[in-house]
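Take a look at the structure below.
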Amino acid sequence: MKKRLLLTGLAFAASAAPAFAHLDPAGHGSLMAGFTHPLSGLDHILVMIAVGLWAAQIGGRALWIVPSAFVGTMALGFALAMTGVHLPFVEPAILASVVALGLLVAMAVRMETLACAAVVGVFALFHGYAHGGELGAAGAMPFSTGFVVATALLHAAGIGLGLGVSRLSSGRIISRILGGITAFAGMALIFS
């Protein structure tokens, strides 16, 4: 079992690829450019799903408070980028968020819901700022609407995955393994 887990983790790490090119707003529209933006980077996908998994592990009000905190604070980070506020260490914080949220899921960390919301909010600020920094020629409002919707859908996918595996007899273990794989993939992204 340990060998299979290690091989699975290595396979995920080996498959980590650089982010796909973002859609050109002139050719596809600002809304679609924003919608595909979080879907075009493994770091963003892993974090958004991990937020949903963690919320599912905690359950109760966390199912909507934790993802909502991420989305709201991400929008604030986008606004900071739009106003020209400088936020240091954006890329390192984004990569750290993959590892940290993966570890929180892997260790099945339980805290008060508002504390969980604060944790994801800190990381969301950097994700939103990065989206704002890559706005390019896109219109700010449709672009932000697009990435907010995509982020919420990725959170919902993580929640669905978490709730789905929780119904299995080994669901808690599977969820924790998914968190470990996320953290491992985050480490691979850091060193790639």
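Here are the numbers for the structure shown:
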| read-out | value |
| --- | --- |
| Gain in span if fully extended, Ala137 to Arg172, counting 0.36 nm per residue against the direct Cα distance | 8.2 nm |
| Relative contact order of the chain, pairs being alpha-carbon contacts under 8 Å that are 6 or more residues apart, as % | 37 percent |
| Degrees between helix 171-190 axis and first principal axis of the chain (Cα, 0 to 90, nearest 10) | 50 degrees |
| Degrees between helix 62-82 axis and first principal axis of the chain (Cα, 0 to 90, nearest 10) | 30 degrees |
| Computed [θ] at 222 nm, helices only, for the chain once each DSSP H run of length n ≥ 4 contributes -39500 (n - 2.57) | -25500 deg cm²/dmol |
| Cα centroid separation, the range 57-131 to the range 162-192 (Å) | 18 Å |
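Every number in this text was worked out from the coordinates using simple rules, so none of it is lab data. Values in this document were obtained by computation on a predicted structure and should not be read as measured data.
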